Amino acid sequence: MNTGEGAALFLEPRRRTLDLTDAGAREPGAYLAGLEFGDPNRPLDAVFLHANGFNAMTYRTVLAPLSKHLRILAIDQQGHGLSPQRTPVEGRKSWLDLRDDLLALLTALNAGPLVLAGHSMGGTVSLLAAAEAPETVKALVLFDPVLPSPEVMVQWMAAQGRPIPGNGLADQAERRRSIFPSREAVLDNYRGRGAFRTWPEASLADYVIDGFRDRDDGQVELTCAPAWEASNFRAHGHDTWAAIARLRRPVRILRAELGSTCSLDDSDRLPREVADRRIETIPGSTHFLPIERPELVRAALLEACGK
């Protein structure tokens, strides 16, 4: 099946606000913002979760070409994009709050088993949710998820959200510049640098749309606060390997060749009860492989959704 961009690229996603109050959320008025791609009259096929510090709009050019074949909901996890941060940074120890948001979302959607897909942190949150509520999940498609080795996982869990020696990502996030004169200034500052050095212009521009909010003084400010991004880099008290041991749904992992955050490189390390389990290392890719190799993302989602 052709997964090229074509006319579907120009179909704007629909913005959605998804109320979690009656679906198990801890806080009254809790909600997640999202972008929906595809025919609204067909059943929902998949939910996609972004990486730490980013947002659903970042992946617009990746997901929009699937609109002809699939209906996909990409969500802003709390504290990102248009979804407000509800959990205090102080004392935060894990991503179980993000997992619980996803579980509440699946309850609210009441859409039957869905494909859960995610990049980096979003992939790990999808995995945690699938282990907790397998009846809601058809399959997992994970793009360079954060899956450290068991030895590193023990160290991270023991840290209980406190600073971890050598965790430069958290330190960098805390120092991140949060206010710019305009979105154009953000683009000029980010283009071709750091995490964005391999990004096409369209993906960078899409990230900036919901990655910054307008301020009363005419400037723009990060929607994902530096302290929240840093908290996500430190709060690793969730037991990812225990979740992996409980997996019973088909899982496909595409991991980066360069600088991968995924220590899983052999499908034999996944439970034998998972009959369909695949791990692939994508040559030449970095941690941002969904942005670099969108055709692989689209092909994997089509296959997982049975198209």
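Every number in this text was worked out from the coordinates using simple rules, so none of it is lab data. Computed from a predicted structure; not experimentally measured. Every residue, glycine as well, gets a Cβ built from its backbone with ideal geometry; the counts of neighbours run over all protein chains shown.
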Region 244-307: which GluC sites (Glu not before Pro) are DSSP loop and have at most 16 other beta-carbon atoms within 10 angstrom? E257, E273
Among residues other than G218 whose Cβ falls under 14 Å from its Cβ, what is the net charge (Lys/Arg +1, Asp/Glu -1)? -2
Charge dipole of the chain about the Cα centre (unit charges at C-beta), most positive-ward option of S203, F288, P148: P148
What residues qualify as long-range amide H neighbours of L20, i.e. H under 5 Å apart, gap of 5 or more or another chain, H built at 1.01 Å from N? A30, Y31, L32
Using the Karplus curve 6.51 cos²θ - 1.76 cosθ + 1.60 with θ = phi - 60°, what ³J(HN,Hα) values do you get for each residue of region 81-88, in whole Hz, with x for Gly and Pro? x, 9, 9, x, 6, 10, 8, x
Evaluate the relative contact order of the chain (contact order divided by residue number), counting alpha-carbon pairs under 8 angstrom at least 6 apart; express in whole percent. 21 percent
For the chain, modelled as a Gaussian network with Cα springs under 10 Å, which listed residue fluctuates most, F48, F233, F143? F233
If one builds a Gaussian network model of the chain from Cα atoms under 10 Å apart, the most fluctuating residue listed among N55, N232, N189 is N189
Amide H partners (placed H, <5 Å) of E280, local residues excluded: I253, L254, R255
Matching label for the computed mean projected area of the Cα convex hull in nm², out of (1) 15.3; (2) 22.2; (3) 17.8, is (1)
Nitroxide proxy distance, nm - points 7 Å out along Cα→Cβ at D265 and E151: 1.4 nm
Part-to-part distance (alpha-carbon centres) for region 69-112 and region 254-307, which is given in Å: 22 Å
Between A185, A30, A173, find the one with the highest GNM mean-square fluctuation for the chain; connect C-alpha pairs within less than 10 Å. A185
So, R0 is 22 Å and r is the distance between the beta-carbons of R191 and R215; what FRET efficiency does that work out to, to 0.05? 0.50
